[in-house]
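The values are calculated or read from the model by the stated rules, or taken from the named source; none is laboratory data. What you are looking at is a predicted structure, and each value in this text was computed from that prediction instead of being measured. Quick reminder, even Gly has a Cβ in these numbers, built from the backbone with ideal geometry, and neighbours come from all protein chains shown. In case anyone asks, the SASA skips ligands and DNA or RNA and just uses the protein heavy atoms, side chains included. Shrake-Rupley method; radii C 1.70, N 1.55, O 1.52, S 1.80 Å.
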Amino acid sequence: MANEQLKVLNALDVAKTQWYHFTAIVIAGMGFFTDSYDLFCISLVTKLLGRVYYYEGGKNPGSLPQNVSAAINGVAFCGTLAGQLFFGWLGDKMGRKRVYGMTLMLMVISSLASGLSFSKDPKTVVATLCFFRFWLGFGIGGDYPLSATIMSEYANKKTRGAFIAAVFAMQGFGILSAGAVAIIVSSIFKALYPAPAFQVNPVLSTVSQADYVWRIILMFGAIPASLTYYWRIKMPETARYTALVAKNTKQATEDMSKILQVEIEAEQENVQQLDQTQGGNNENDFGLFTKRFLRRHGLHLLGTAITWFLLDIAYYSQNLFQKDIFSAIGWIPEAKTMSAIEEVYKIARAQTLIALCSTVPGYWFTVALIDRIGRFTIQLMGFFFMTVFMFALAIPYHHWTMNGNQIGFVVMYSLTFFFANFGPNATTFVVPAEIFPARLRSTCHGISAAAGKAGAMVGAFGFLYAQNAIGVRNVLLLLGVANFLGMMFTFLVPETKGKSLEEISGEADEKTTTNRESALEAGLQV
């Protein structure tokens, strides 16, 4: 098969780790830094928004109405889901490089605009904030399939998993930075504009300058993304897209020769053979909605989509509403004992501690071990321990709410984050970028990621209502069940460690398979 003989793809598979690999990780990773910063920083300021815009007198600080809180937390996920589907499809149609700069610019503009949500009227502020966060999510959504696909197609087969996981691991630094920025900004404003606790003076506890705090925190996410825009538009198209989809092996060879700094033969004869086997034979170019795709990759797509969906129900519920859980068990003081800005500081400190001790280490354990023990093992193990720790939190929940037991709850809660990131949160991102053909890789990753964001929406919109309806304990039990189901569906996902992308996706033997299938369909003896 021509694909097997393409020296440019073989050169990528066997290339030693070089500077361009790390450059690609940083360029793609800064997009994920911004993604996670923007998606998770909102949870740090929702209580402040309630105090600033929804205090109407009374014995308790202002808080966002339930529907408003759900909208602010969840609207970005709606945009992300749409962006993953749209840009995933567009990345296969137009090429990864041509679309890559669009998503980053959309993130930068929308991130800045979110902090500039105008008016003092609560409805107007919330409406404009939700509008811009939807488009922020739309740009973030495009970054998922494109970054994963680009990194998988640039990497060698020996360390491909670590490189893709390293891109995703930047999400951990984004979460950590969101907390750090919130701590720094709230500390500065707390020092400049001291205020009494709410129970001392309800009105003065929320200084007018607090309105700037949440805006600065949201807008900061635009800075790291804007710094990498130039390098994104200068990246060449991936060799696999150019050779296997655009069918321009000469251009792919020239691009990779410059990057790898080696001479690679252009292989004009193989270009013609590719055109005959992939262009001339329409049966070989099967699309997403065909029986042939369903036979070869249907269960794979079901497995990647369902596991990502189930993971994100638990993962985003825990991340977005950990402040509510920590308040419920008494780890964060009651809101009325703090000023508005002090509450931001305390919430950010708690979430930063969780990120520093469990979230970030989990990501990098995956980077270190994914090409040694494999994707399947890490994902199965992660779901298993997430299930165990979630049930360990939920079943004796009353015990954890008693004085003196909160630290034990926080430790076990942190371990669920550790095994999410040293587990399915990383592998659900890596595997869809490896197991599908080049012409459908970005699309299928986008579908899998969109299923994940559907789960995130269930977590973002459903957690608030479920918490009020059935209580935190029962919510934690449901999240444990979701993790257990994720462990079961992991058995649909194949192991990809140590194989080339063409071997995994079946492109390496597509001609043979296609000829056999065509003969069978014609009723011939093979």
Please compute the length gained on full extension between Thr128 and Ile407, using 0.36 nm multiplied by the number of residues separating them and subtracting their Cα-Cα distance.
96.5 nm
Average Cα contact separation per residue, the chain, under 8 Å, 6 or more apart, as relative contact order %
25
With 0.36 nm assigned to each residue of separation and the Cα-Cα distance removed, Asp211 to Ala246 gains 7.6 nm
The stretch 129-147-the stretch 14-52 distance, computed between alpha-carbon centres (Å)
12
Which value, in debye to the nearest 20, gives the size of the charge dipole of the chain about its Cα centre, when Lys and Arg are +1 and Asp and Glu are -1 at the Cβ?
1000
Quick one: net charge around Pro424, please, counting Lys, Arg +1 and Asp, Glu -1 for every other residue with C-beta under 13 Å from its C-beta.
0
Probe 1.4 Å, all protein chains present, accessible-area order of Arg160, Arg473, largest first:
Arg473, Arg160
Whose amide H sits under 5 Å from the amide H of Phe198, counting only residues 5 or more places off or on another chain, with H placed in the peptide plane?
Met338, Ser339
If the limit is 22 Å between Cα atoms, which of Lys16/Lys157; Lys120/Lys453; Lys123/Lys453 go over it?
Lys120/Lys453; Lys123/Lys453
For the stretch 326-463: relative contact order, % (alpha-carbon pairs under 8 angstrom, 6 or more apart)
29
With unit charges on the beta carbons (Lys and Arg positive, Asp and Glu negative) and the dipole taken about the Cα centre of the chain, which residue among Ala314, Val411, Thr238 sits farthest to the positive side?
Val411
What helices does the chain have that are whole DSSP H segments, at least 24 Å long along their own axis by Cα, and with mean Kyte-Doolittle hydropathy of 1.6 or more?
160-192, 375-394
Using label points projected 7 Å from each Cα along Cα→Cβ, tell me how many nm separate Glu495 and Tyr230, to one decimal.
4.5
Gain upon complete extension [Met94, Leu116; 0.36 nm per residue less C-alpha separation]
4.6 nm
Along the Cα-to-C-beta direction of His399, a point sits 7 Å from the Cα; which residues of the stretch 466-501 have their amide N less than 16 Å from that point?
473, 477
Using a 7 Å offset from the Cα along the Cα-to-Cβ direction at both Thr290 and Arg372, what is the distance between the two label points in nm, to one decimal?
4.1
Förster-model FRET efficiency, 30 Å R0, Glu334 and Ile109, C-beta, rounded to 0.05:
0.20
Would you work out if the stretch 366-465 is rounded, prolate or oblate? Take a ≥ b ≥ c from the square roots of the eigenvalues of the alpha-carbon gyration tensor; rounded if a/c is under 1.5, else prolate when a/b is larger than b/c, oblate otherwise.
oblate
Report, by chain and number, residues whose modeled amide H sits under 5 Å from the one on Asn248, excluding near sequence neighbours (fewer than 5 apart, same chain).
Ala243
For the chain, build the charge dipole from Cβ charges (+1 Lys, Arg; -1 Asp, Glu) around the Cα centre, then report which of Ala127, Leu64, Ala178 sits farthest towards its positive end.
Leu64
